[in-house]
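Input: a single structure, listed below in structure tokens.
The values are calculated or read from the model by the stated rules, or taken from the named source; none is laboratory data. Worth saying up front: this structure is predicted, and the values here are computed from it rather than measured. Methodologically, a virtual Cβ is constructed for each residue, glycine included, from the backbone with ideal geometry; neighbour enumeration extends over all protein chains shown.
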Amino acid sequence: MTQQLVVEYPVDGCRVPVASEAAAMARGADGVLRYGDLWPALTELLDRQVHAFANREAVVEVGGPRLTYRELWHSGARIAGGLQRHGIGYGDRVAIRMPAGLRWIRAFLGALLSGAVPVLVPSALPHRVAEQALADSAADFVLGAGTPLPDGPSFIDDGASLGELAVLCYTSDPHESRGVELTNENLLSAIRSLVGTLDLPRDGVRNLVLLPLAGTRGCVDQLLPTFAVGGTVVFARDAAGIAEALETERVDMISATPEVFAGLCDTVGAMRRDGIDTRGVRRLSSAGRSTRRPAAAPRDISATLRESFPEARHWLLWGSTETSGIGLAADDLVCGERAAHDLPPGEVLGKPFGGTELALIGPDAAAGEGELLCRGPNVSTGYWNDPAATADRFTGGWFRTGDRVRITPDGTVHRVDKAAS
């Protein structure tokens, strides 16, 4: 990154919304806010939940299989044992390339428990780009859609530490996907932040996830926080499955992109006309990725969502793969009703949370507008096998997002249409 003045923003408005989360954080020697009481590794957090909620449903496929926490853990341990039989062990890379669902989760857990680093390859990537990602990661084993999952005696490697690489997640760029290194601390910090910000209940949230899992939005933002509170992840293959999930699976949370929610509005309208009660849904989580297109739901979609799910609070989450999928959050009052008075649709991105701090660079940075930089315990250490890109995008603990924004004095981040230079 060329030398430019970095202006940290804001001072007073930048806050962690949940007081207990702020109290649990302290600034490290590197200047980054960090949680002081995280589990040593993701596998240890999951192991605790298995013992606490052994007989509770962990994963449900509407119209298909369902597994309790104990069954899922046992399945993952046998896959880990099968990988060990193939010579896979600590630090090896196991690529997962298959659609979202129970099988994906079993593969992911098996790779983790084997001591390997799961390599997440987005299923939406063009074949050529996906093959390049596999080659770039130098994957030692590939768990694909058309091949049986390995099987063997149960095996669990839980010797990882906070600073070690936990997941290698490739970006969704259809032209040049990069491997983002996410440590155990990155993942556990993001999970902790999301559980607190979304106020996820500890008595069994049932989260209908309509997001791809091979990326931070689905895996880090939804799957892992749901497991962290002993909740149930529900998958539906089509609109009929969504209707069945709402009617029979006691779904109280739905997670999707703003685009998916826009398409879901008509479906939900038809469901309500058919007598399906949607009042049990208490949380809607929209995952937005980039400020270069409207990440917040437009006002008309927000209004329709409020009508379709009258008891639900709608959260917009903004982040990138490099920030573990999180960084900014806004609720429905910010991205809907309040924005309707004086802001264009989709402009509000939210406020930082979970230890995320913001800075701007550019000629107008001191006035509150410029390219957005982020730092925090959730921010990646850099790109896999790409020191040049790492040096360009990560500097002094800050990640350069490439997105142009405006930050108001209260700490709210707004999208600016003009791309950052």
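Taking (1) over 23 Å from D331 (Cα atoms); (2) in contact with a Ser or Thr (Cβ under 9 Å, 6 or more places away or on another chain); (3) of a type outside the set (G, A, S); (4) surrounded by 19 or more Cβ atoms within 10 Å (Cβ to Cβ) in turn, L264 satisfies each apart from (1). Could you tell me whether the stretch 176-198 includes any residue that is modelled with pLDDT under 95 and under 24 Å from A388 (Cα atoms)? Checking the stretch 176-198: at least one residue is modelled with pLDDT under 95 and under 24 Å from A388 (Cα atoms). State whether the residues of the stretch 43-58 include one that is touching a residue at least 12 places away in the same chain (Cβ under 8 Å), part of a loop (DSSP other than H, G, I, E, B), touching a Lys or Arg at 6+ places or on another chain (Cβ under 8 Å) and over 25 Å from C169 (Cβ atoms). Checked against the condition, which is being touching a residue at least 12 places away in the same chain (Cβ under 8 Å), part of a loop (DSSP other than H, G, I, E, B), touching a Lys or Arg at 6+ places or on another chain (Cβ under 8 Å) and over 25 Å from C169 (Cβ atoms), the stretch 43-58 yields at least one hit. For beta carbons closer than 8 Å, sequence separation of 6+ or different chains, a first residue in the stretch 188-212 that is under 13 Å from G325 (Cα atoms) and a second that is basic (K, R), the qualifying pairs are S189/R34; L211/R217. Restricting attention to the stretch 160-201, the residues that are more than 18 Å from S255 (Cβ to Cβ) and either aliphatic (A, V, I, L, M) or over 15 Å from the mean Cα position of the chain (by Cα) (or both) add up to 19. Tallying residues that are in contact with a strand residue (DSSP E or B) (Cβ under 9 Å, 6 or more places away or on another chain) and farther than 27 Å from A124 by Cβ within the stretch 201-214 yields 1.
Residues in the stretch 218-243 that are surrounded by fewer than 18 Cβ atoms within 10 Å (Cβ to Cβ) and touching a residue at least 40 places away in the same chain (Cβ under 8 Å): R237 alone. Kindly indicate whether E259 is more than 29 Å from I88 (Cβ to Cβ), surrounded by fewer than 18 Cβ atoms within 10 Å (Cβ to Cβ), acidic (D, E) and within 19 Å of the chain's Cα centre (by Cα). Here the answer is yes, as E259 does meet what is asked.
Looking only at the stretch 9-46, how many residues end up being surrounded by 14 or more Cβ atoms within 10 Å (Cβ to Cβ) and at pLDDT below 90? Don't jump to the end; show me each part of the working.
Going through the stretch 9-46, the residues surrounded by 14 or more Cβ atoms within 10 Å (Cβ to Cβ) turn out to be 9-10, 13-18, 21-22, 24-25, 32-35, 38-46.
Okay, now just the ones that are also at pLDDT below 90, so 9-10, 13-18, 21-22, 24.
Going through the stretch 9-46 one residue at a time, the tally reaches 11.
Where in the stretch 344-384 are there strands (runs of 3 or more DSSP E), lying wholly inside it, with at least 2 residues that are in contact with a Cys (Cβ under 9 Å, 6 or more places away or on another chain)? Hits in the stretch 344-384: 348-352, 357-361. Entry remark, the stretch 203-214: residues being out of contact with any Lys or Arg (no Cβ under 9 Å at 6 or more places or on another chain), farther than 15 Å from L284 by Cβ and surrounded by 24 or more Cβ atoms within 10 Å (Cβ to Cβ) number 1 in total.
Of all the listed residues (L67, L113, L109, L83), the sole one being at pLDDT 95 or above and in contact with a Pro (Cβ under 6 Å, 6 or more places away or on another chain) is L83.
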